[in-house]
1. When you look at Val3, is it at pLDDT below 75, surrounded by fewer than 17 Cβ atoms within 10 Å (Cβ to Cβ), under 21 Å from Glu116 (Cβ atoms) and of a type in the set (A, V, I, L, M, F, W, C), yes or no?
2. One residue is enough: does the stretch 66-73 have a residue meeting the conditions crowded, with 18+ Cβ neighbours inside 10 Å, out of contact with any strand residue (DSSP E or B) (no Cβ under 8 Å at 6 or more places or on another chain), at pLDDT below 95 and not hydrophobic (A, V, I, L, M, F, W, C)?
Amino acid sequence: MSVSSIPYGVATERQGAFLETDQGTRARFPLGPALDVIREMLAGLDELPTEGQRYTMTKIVAFVREHIRGSGLPASFRNAASLAELLGHLTLESKRLMPDADHFNHRAGILVDLLELVSHNATA
């Protein structure tokens, strides 16, 4: 079942990269539009005041963390450690009093690109 074939109002809860339907089936949730929004948020980080940067960075980290866990990404121990380290750096940057938006953008962009690749491969 594709997401586009789910009748309006049937999807009840988004879980990771899936939609849980009223019938108890799971359909793939397309991450493309959500990743476009994340990219727009990243592009606008420089224009935000410090508090806005930290708030937005925290939201981006939460989104990326949730979707990496739910992506079914086949990660070796080494890759999983690298992903965890990258997420840790993003989390630390989002908590700094004066976050570095460029540094955050670069690292978050890597993870967003990875999610797009995984999402594209899973729906193809």
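1. When the stated conditions are applied, Val3 passes them.
2. Within the stretch 66-73 (the criterion being crowded, with 18+ Cβ neighbours inside 10 Å, out of contact with any strand residue (DSSP E or B) (no Cβ under 8 Å at 6 or more places or on another chain), at pLDDT below 95 and not hydrophobic (A, V, I, L, M, F, W, C)), the answer is yes, since at least one residue qualifies.
The values are calculated or read from the model by the stated rules, or taken from the named source; none is laboratory data. Predicted, not measured: the structure shown is a model, and the values here were computed from it. Positions of Cβ are generated from backbone atoms using ideal geometry, with glycine treated the same way; all protein chains shown enter the neighbour counts.
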